[in-house]
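This report concerns only the one structure given below.
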Amino acid sequence: MTRRKTTNKTGLSRIDGIKVHDAWIGYICLSCEVLNNIHIGDKLLDPQETYENAIWECEWCDYVHSKDSDLPFDNWSDDFKDSESLQAQRFWQGFFRIATENRESYWKQCNACSRIQPFYSFSKHSGWGPLERQMECRACKGAINAVLNPLRTAEQHHESSVRRRIADLLLEGENETIDIKDLFKRFDNKCFKTRKVLKIEERGTWAIDHILPSKFLYPLKKSNAALLSSEANSNKRDGWPSKFYTNNELIALAKITGADLTLLASKTPIINLNIDVNKCVERYLKVREKSDLAKRISELKKIIISYDLQNQLSSKNKKILGL
Ligand SMILES: [Zn+2]
Ligand SMILES: [Zn+2]
C-alpha cells in the first residue's frame with residue numbers, strides 16, 4: 001500500500017486506493033477457521049443470490065464455500081456433510097445469510113489504518129455508501145479528533161468552567177483595578193499577539209489578558225495584565241501563557257509587565273500558592289451564603305484538594321469543608 005504525501009493538519013496520511021463507500025464480506029473458513037474478507041464494492045449482496053452463485057475460496061486453505069461443496073466438519077455424519085443433503089443446503093443458506101443479510105454483517109476498510117474491520121468499528125455517516133459508515137475506523141477517528149478538536153469533552157469543559165468560576169470567586173478582593181489608559185500606553189495601543197492597532201474607546205474590540213490565569217489562582221494585577229484584541233483573547237482564554245505566546249513574546253511580555261519570565265515560560269501550569277487561602281475561603285463562603293452551599297462547598301473542596309492547598313487551611317476551615 002503506498003502512502004500519499006499529505007499536508008493536512010491532522011498529520012495523518014490517507015491511504016490511496018481505498019474506496020470509502022465500499023463494503024466487504026467477512027467470514028470464517030469452515031475448514032481452517034481463518035478469517036477471510038472479500039471486497040464487494042458499493043452494493044450489498046442479496047442472500048438468496050449469494051447462496052445460489054457464490055464461490056468463495058479460502059485464501060489460506062483453498063476450501064471453496066459454495067452450495068455445491070460438501071461440508072468439511074469431521075465430527076458430522078456423512079448424511080449431514082453431503083452437499084446433496086437437505087441438511088447441508090440449509091447450512092449453506094444460513095451461512096450466506098449470516099454474511100450478507102444485514103448491513104451490520106458487512107465489513108469495511110479504514111482509510112487511515114487500512115485495516116478491514118466489522119461494521120461496528122465505524123461510526124455512522126448518513127448517506128455515505130450502502131453501509132452509511134465513516135471512512136475511518138473509530139480508533140483512527142479518535143486520533144484525528146484529538147488533533148482537530150482538542151477542546152475536550154463537554155464534561156471536562158464543564159469541570160474547567162466550574163473551576164474557573166470558583167477560582168474567580170476565591171480571588172475576589174485580591175484583584176487590582178487595572179488602569180486602562182496606562183495599559184494601552186504600555187502596550188503601545190496594540191494587541192500584544194497580533195500587533196493590530198486598538199482604540200481604547202472601541203470597548204468590544206479589545207480585552208485584558210489575565211496572563212497567568214485566575215483558574216490557577218493568579219489575581220489580576222498590573223504585572224499580570226496584557227492588552228489583546230478580543231479575538232486573540234478568546235483564543236488564549238484561560239490557557240497557560242507558554243501555550244499561547246512564543247518564547248520571544250514571553251520575553252517581551254516579561255519586560256513590559258515585570259512578570260516572572262520563568263513562571264510565564266513554564267511548560268506546565270503552576271498553581272499560585274502565594275495567596276491567603278483562608279481569607280479566600282472565608283470570603284467565598286460568605287459571598288455565596290444564600291445559594292446552594294452544600295454544592296459550592298463540594299466544588300470548593302475539589303479545587304482545594306486538586307491544587308493541594310489543604311495544609312494551608314486553618315482547622316476551622318478544614319472542618320467546614322470536611323477535610
Ligand atoms: Zn480455510
Ligand atoms: Zn483505522
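Quick note: the coordinates plus some simple rules give every number you see, no bench work behind them. Note that this is a predicted model, so its numbers are computed, not measured. Because the Cβ atoms are built from the backbone with ideal geometry, glycine has one as well, and the counts that use them run over all protein chains shown.
What whole-number value in cubic angstrom gives the convex hull volume per residue for the C-alpha atoms of segment 64-113?
Values: hull volume 5.4 nm³, N = 50.
Expressed per residue, the convex hull around the Cα atoms of segment 64-113 is 108 Å³.
Just to confirm a number: summing +1 for Lys and Arg and -1 for Asp and Glu over residues other than Glu101 whose beta-carbon lies under 14 angstrom from that of Glu101, what do you get?
-1
For the pairs Lys43/Lys124; Lys279/Lys319; Lys185/Lys222; Lys222/Lys302, note any where the Cα-Cα span goes beyond 20 Å.
On the way: Lys43/Lys124 17 Å; Lys279/Lys319 15 Å; Lys185/Lys222 13 Å; Lys222/Lys302 29 Å.
Violating the 20 Å Cα-Cα cut-off are Lys222/Lys302.
What does the charge count around Ser83 come to, taking other residues whose C-beta lies under 13 Å from its C-beta (Lys +1, Arg +1, Asp -1, Glu -1)? Numbers along the way, then the final one.
Numbers: positive: Lys67, Lys81, Arg90; negative: Asp68, Asp70, Asp78, Asp79, Asp82, Glu84.
Value of the local net charge: -3.
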From phi via Karplus (6.51, -1.76, 1.60), per-residue ³J(HN,Hα) for segment 235-240 in Hz, x at Gly/Pro: 6, 6, 6, 9, x, 5
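What does the highest-first list of 78-86, 110-118 look like by mean Cβ count within 10 Å? Display every interim value, and only then the final one.
Details: 78-86: 13.1, 110-118: 16.9.
Output ranking for 78-86, 110-118: 110-118, 78-86.
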Span-like helix ranges in the chain, DSSP H, alpha carbon extent 30 angstrom or more, Kyte mean at least 1.0: none
Residue list for segment 92-109, given a label point 7 angstrom along the Cα-to-Cβ vector of Asp46 and an amide N cut-off under 14 Å: 101
Estimated 222 nm signal from helices in the chain, with DSSP H stretches of n ≥ 4 weighted -39500 (n - 2.57), rounded to 500: -10500 deg cm²/dmol
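In what sequence, highest mean first, do 28-36, 67-75 appear when ranked by Cβ atoms within 10 angstrom?
28-36, 67-75
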Qualifying aspartates and glutamates (Cα of each under 14 Å from Cα of Lys199; at least 8 residues distant if same chain): Asp182, Asp188
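Going by how many other Cβ atoms sit within 10 Å of their own, how do Tyr307, Tyr27 line up, fewest first? Kindly include the intermediate steps, with their values, before the conclusion.
On the way: Tyr307 17, Tyr27 20.
Lowest count first: Tyr307, Tyr27.
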Hydrodynamic radius (Kirkwood) for the chain, which is based on Cα pairs only, to one decimal in Å: 25.8 Å
Ranking of Trp128, Trp24 by count of other Cβ atoms within 10 Å, fewest first: Trp128, Trp24
Label-point separation, Gln93 to Asn235 (7 Å along Cα→Cβ), nm: 6.6 nm
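Determine, from the Cβ-Cβ distance of Thr205 and Asn274 and an R0 of 30 Å, the FRET efficiency 1/(1 + (r/R0)^6), rounded to the nearest 0.05. Before the final figure, lay out each step's value.
Values: r = 33 Å, r/R0 = 1.12.
After rounding, the FRET efficiency stands at 0.35.
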